[in-house]
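This report concerns only the one structure given below.
The values are calculated or read from the model by the stated rules, or taken from the named source; none is laboratory data. No experiment lies behind these values; they were computed from the predicted model shown. Here the Cβ is made from the backbone with ideal geometry for all residues, glycine too, and neighbour counts use every protein chain on show.
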Amino acid sequence: MTDEAGLRAAAEAGDVRAMVDLADLLIPQYEEDDERLAEAEMWFGRAAETGDVEAMTAFGQFLYYHDEHDEAAEWYRKAADLGHAEAMGGLGDYYDFMGDEEESERWYRKGAELGDEGSQGNLEALVKMKER
């Protein structure tokens, strides 16, 4: 479902996937629209608070890309603690951003071991940088 009205109805009825899809749809693509961005954050947050690991990770990504790194790390950690590989990669990104190479490598490695391609690529790049 990609129409906003249908997604909104499903999200308001409690459909977690619809909440995340609606939030994605609301993110302004070409210009800043603070109202839509705030609504997107609200839907991501509501979805994440259900305990759905995909939603937690999506909320972490949203927060990370909107420079709310510490809060993003909290959501990544919740999903990673439940075994979500992509969230582990998000934690790797966070620790890399914070300058903690050891912790970054640890999380990239965990995500890579579970098959997350982003973690695998970032781990390879990090290892190559350390070899220089």
Could you say whether any residue in the range 8-22 is out of contact with any Lys or Arg (no Cβ under 6 Å at 6 or more places or on another chain), under 25 Å from Glu117 (Cα atoms) and surrounded by fewer than 18 Cβ atoms within 10 Å (Cβ to Cβ)?
-> yes
If we keep just the residues of the range 46-78 that are closer than 21 Å to Asp100 by Cβ and among the hydroxyl-bearing types (Ser, Thr, Tyr), which is surrounded by the fewest Cβ atoms within 10 Å (Cβ to Cβ)?
-> Tyr65
Yes or no: Gly89 within 30 Å of Met129 (Cα to Cα) and either of a type outside the set (A, V, I, L, M) or over 11 Å from the mean Cα position of the chain (by Cα) (or both)?
-> yes
Pairs where the first residue, in the range 34-46, is assigned by TED's automatic domain parsing to the domain that holds Ala18 and farther than 16 Å from Tyr65 by Cβ and the second is part of a helix (DSSP H, G or I) and at pLDDT below 95, C-beta under 8 Å, 6+ apart | Glu39/Leu26
